[in-house]
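Here is the structure we will look at.
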Amino acid sequence: VSLLRELTHTYHAFSLCESTHLRHTGLTQSQAEVIFALGQAGAQSCKDLGGRALITKGTLTGILDRLERRGWITRRPSRSDRRVMIVSLSPEGQTLFETTYPGYVAELAERAEGCTAPEDLQIRQALQKLRTLFDD
């Protein structure tokens, strides 16, 4: 239980850092995850986008609605399966990604410099092990 408590505290600290960095963009953390996923991987289905951004289907719909109203994304039916919606960045969304993502990554990289390469590897391996304990 103490391990999970520490993980929760760590995630909370990360979330606070992330939201502070994103505040000037007008994006929530979840909205930023969607913008960053689309900026990195390009247009994709809602299913793939939810998996990449770690957002559930129900939550993703609301996020996409808000991003679309702000003019940052577009949605269109897939050419091969009209039941599937393809989400992509609009030109304004692409500009938002290009102006926001580099600073976001730089902030994370600067904070991660506090770990040595062996520590980084050890932490990642421990987190992967922990995840396998809870994967279904």
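The values are calculated or read from the model by the stated rules, or taken from the named source; none is laboratory data. None of these values were measured; they are calculated from a predicted model. Counting neighbours? That spans all protein chains shown, and the Cβs are built from the backbone with ideal geometry, glycine included. Heavy atoms of the whole protein, side chains included, go into the accessibility calculation; ligands, DNA and RNA do not. Shrake-Rupley method; radii C 1.70, N 1.55, O 1.52, S 1.80 Å.
Data table
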| read-out | value |
| --- | --- |
| Residues (assigned to a helix (DSSP H, G or I), closer than 21 Å to Thr99 by Cβ and open to solvent by 60 Å² or more (accessible area, probe 1.4 Å)) located in segment 10-32 | Thr20, Arg23, His24 |
| Of residues in segment 65-81 being farther than 11 Å from Ile35 by Cβ and in a helix (DSSP H, G or I), the one most open to solvent (accessible area, probe 1.4 Å) | Arg69 |
| Cross-chain or 6+ apart pairs with Cβ under 6 Å, segment 86-113 first and farther than 16 Å from Arg66 by Cβ, then charged (D, E, K, R) and surrounded by 11 or more Cβ atoms within 10 Å (Cβ to Cβ) | Ile86/Arg76 |
| Subset of segment 82-107 that is open to solvent by 70 Å² or more (accessible area, probe 1.4 Å) and polar (S, T, N, Q) - its residue that is farthest from Arg23 (Cα to Cα) | Thr95 |
| Matching residues, segment 33-42, being surrounded by 16 or more Cβ atoms within 10 Å (Cβ to Cβ) and in contact (Cβ under 8 Å) with a residue 24 or more places away in the chain | Val34, Ile35, Phe36, Leu38, Gly39 |
| Qualifying residue in segment 15-34 (condition: modelled with pLDDT of 95 or more and hydrophobic (A, V, I, L, M, F, W, C)) | yes |
| Matching residues, segment 82-136, being over 24 Å from Val34 (Cβ atoms) and polar (S, T, N, Q) | Thr116, Gln122, Gln125, Gln128, Thr132 |
| Counted residues, segment 44-64 - those being crowded, with 16+ Cβ neighbours inside 10 Å, within 21 Å of Pro91 (Cα to Cα) and of a type in the set (Gly, Ala, Ser) | 1 |
| Residues (closer than 20 Å to Glu18 by Cα and open to solvent by 80 Å² or more (accessible area, probe 1.4 Å)) located in segment 108-123 | Glu110, Arg111, Glu113, Ile123 |
| Among the candidates Ile86, Ile73, residue that is in contact with a Pro (Cβ under 9 Å, 6 or more places away or on another chain) and of a type in the set (A, V, I, L, M) | Ile86 |
